[in-house]
Amino acid sequence: MRAAAALALVLLGCGDFKTSSPATSNDGGGGNDGATSGATGPGPYGALPTGYCCTKNEDCRYRQCTSFGGVMMCSDPCDSNDGCNTAPNMQCNTTTTNCEPIGTPSCIPADQWQLGTKTLGACCVATHDGHAGQECVGNRCVSFGDVSNPFICTQACSRPSDCPGNYMCSADQFCIPLATTYTCQ
């Protein structure tokens, strides 16, 4: 729940962000549009989590490629160490509310990140830690609005065209549903 609270802080500009237990789709769909199984790296939307090497903000799922002692790596927002558990030797700096390395900084090569296969709007399992969204191409699993809304895969965005169909690019740079109630695929 603490990681979810940290995510809520990141999403303040979105309004109606919520946390709850995961729901399943009413239509039973798997949400896999045939994304390449076995694909690695940041992917088309920047999916790298905390502790993975990056060269620019767009490589990271939270658009935060930070230098720690000259080592560039993704740093997710957090409010506990659970939010930083995607890589070894990472901890939550509760002053900055971002993940950071413990000791000598090192990062995991980006090409070692295994991309998920579920696409935007697919049902996903909310783990409320750094692993939430690993099954998603964009490496994010969140729920919005009404408590009955399911957790869905979402992705980072840099422009409106990154969020097709019934989604828009939020001020926090990720795709959110246009509707206040929705189902997952």
Three-way shape call for segment 63-185 based on the alpha-carbon gyration tensor, with the a/c threshold at 1.5: prolate
By accessible area of protein heavy atoms, probe 1.4 Å, what ranking do D59, D111 get, highest first? D111, D59
Need one number: nm distance between label points at T97 and S148, each 7 Å from Cα along Cα→Cβ, rounded to one decimal. 3.1 nm
In nm, to one decimal, how far is the A39 label point from the A171 one, both placed 7 Å along Cα→Cβ? 3.1 nm
Please give the contour-minus-distance gain from Q112 to S158: 0.36 nm per residue of separation, less the Cα-Cα distance, rounded to one decimal in nm. 14.2 nm
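The values are calculated or read from the model by the stated rules, or taken from the named source; none is laboratory data. Since the structure is predicted, the reported quantities are computational estimates derived from the model, not experimental observations. Note that each Cβ is placed from the backbone with ideal geometry, even for glycine, and that neighbours are counted across all protein chains shown. Side chains included, ligands, DNA and RNA excluded: accessible areas come from the protein's heavy atoms. Shrake-Rupley method; radii C 1.70, N 1.55, O 1.52, S 1.80 Å.
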